[in-house]
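Chemist: Please see the structure below; I have some questions.
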Amino acid sequence: GHSLGAGVAGLMTAIWKASHPQTYRRTHCYGYGMPAILTASIGKGIADRCTSVIIGGDMVPRFSLRSFRLLRDGILNTLSASRGSHPSSDRSSAQGMPVLLPAGRVLWVDDAEGEGLRSYERGSEEFNEMPMTVCSFEAHMPQNYGRVMRECGKRARMGDDGAVERSRSPSFFG
């Protein structure tokens, strides 16, 4: 699934593992633009059966209440400093909040303009903060995921291993 559908599929994979261990090994979840839905330990626990695909600076996989509060706190602290005042201590609202991350194994596709596509397996912990970029919203659009996945599949079929590192799952790149 994509976005909300990916999040539901990731949660269902974690629930399925706990409630149906005998059939869990026959399932595999693929989530495109997977939201930050699970803690690191639960996400790693389903990495053998769940793959999250994240393109570039997509903000959705990085967006959680904690990451939003960290972003907000940073903006408020910058504004305070620009006005010559000191940041207030009550702006550390993200302290003690759970860190939520995309589920399972994470494949990050770098779609930097003019450099071609490159994919990397990343730790989900790398997606615990939400940097804002010009294309944070655009990167999440389903048509962007479709375009990038078609390009990855085309390059993999052509044997262009320098452009795209193949994953262990042949269905990822077509």
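Chemist: So how do ARG155, ARG147 rank on accessible area, 1.4 Å probe, biggest first, that is with the largest at the start?
Modeler: ARG147, ARG155
Chemist: At 7 Å along Cα-to-Cβ for each site, give me the label-to-label distance between ARG25 and GLN143 in nm.
Modeler: Modelled inter-label distance: 4.4 nm.
Chemist: Further, regarding this structure: Would you compute, from DSSP H runs of 4+ residues alone, the mean residue ellipticity of the chain at 222 nm, taking -39500 (n - 2.57) per run and dividing by the full residue count, rounded to the nearest 500? Before the final figure, lay out the partial values.
Modeler: Details: 5 runs with 60 residues, N = 174.
One gets -10500 deg cm²/dmol as the mean residue ellipticity at 222 nm.
Chemist: Using θ = phi - 60° and the Karplus relation 6.51 cos²θ - 1.76 cosθ + 1.60, list the HN-Hα couplings for the stretch 117-129 in order, rounded to whole Hz, with x at every Gly or Pro.
Modeler: With coefficients 6.51, -1.76 and 1.60, one gets 8, 9, 10, 9, 7, 10, x, 4, 4, 5, 10, 8, 10 Hz.
Chemist: Hey, got a sec? Which trypsin sites (Lys or Arg not before Pro) in the stretch 10-75 land in a DSSP loop and have at most 13 other Cβ atoms within 10 Å?
Modeler: Details: sites: LYS17, ARG25, ARG26, LYS44, ARG49, ARG62, ARG66, ARG69, ARG72; in loops: ARG25, ARG26, ARG49.
Sparse-neighbourhood loop trypsin sites (Lys or Arg not before Pro): ARG25, ARG26.
Chemist: Heads up, I need the accessible area for PHE63: 1.4 angstrom probe, whole protein in place, Å², nearest 10.
Modeler: 90 Å²
Chemist: May I pose another question? Which are the unpartnered cysteines of the chain, meaning those with no other cysteine Cβ under 4.7 Å from their Cβ?
Modeler: Flagged as lacking a Cys partner: CYS135, CYS152.
Chemist: Suppose the chain between MET97 and SER82 were pulled fully straight at 0.36 nm per residue; how much longer would it get relative to their current alpha carbon spacing? Before the final figure, lay out the partial values.
Modeler: On the way: separation 15, 0.36 × 15 = 5.40 nm, distance 2.77 nm.
Between MET97 and SER82, full extension yields an extra 2.6 nm.
Chemist: Another question, if that's okay. Need one word for the chain: rounded, prolate or oblate. Basis is the Cα gyration tensor (sqrt eigenvalues a ≥ b ≥ c); a/c below 1.5 gives rounded, then a/b vs b/c decides.
Modeler: oblate
Chemist: Using a 1.4 Å probe, how large is the accessible area of HIS140, given in Å² and rounded to the nearest 10?
Modeler: Approximately 20 Å² for this residue.
Chemist: Return the long-range amide H neighbours of GLY123 (sequence gap of 5 or more, or a different chain), with a cut-off of under 5 Å between placed amide H atoms.
Modeler: none
Chemist: While we're here: Sort MET141, MET149, MET158 by accessible area with a 1.4 Å probe, largest first.
Modeler: Numbers: MET141 80, MET149 35, MET158 140 Å².
Final ranking, largest accessible area leading: MET158, MET141, MET149.
The values are calculated or read from the model by the stated rules, or taken from the named source; none is laboratory data. Predicted model only: the values in this text are computed from it and were never measured. Methodologically, a virtual Cβ is constructed for each residue, glycine included, from the backbone with ideal geometry; neighbour enumeration extends over all protein chains shown. To get the accessible areas, we keep the full protein, side chains included, count just its heavy atoms, and leave off ligands, DNA and RNA. Shrake-Rupley method; radii C 1.70, N 1.55, O 1.52, S 1.80 Å.
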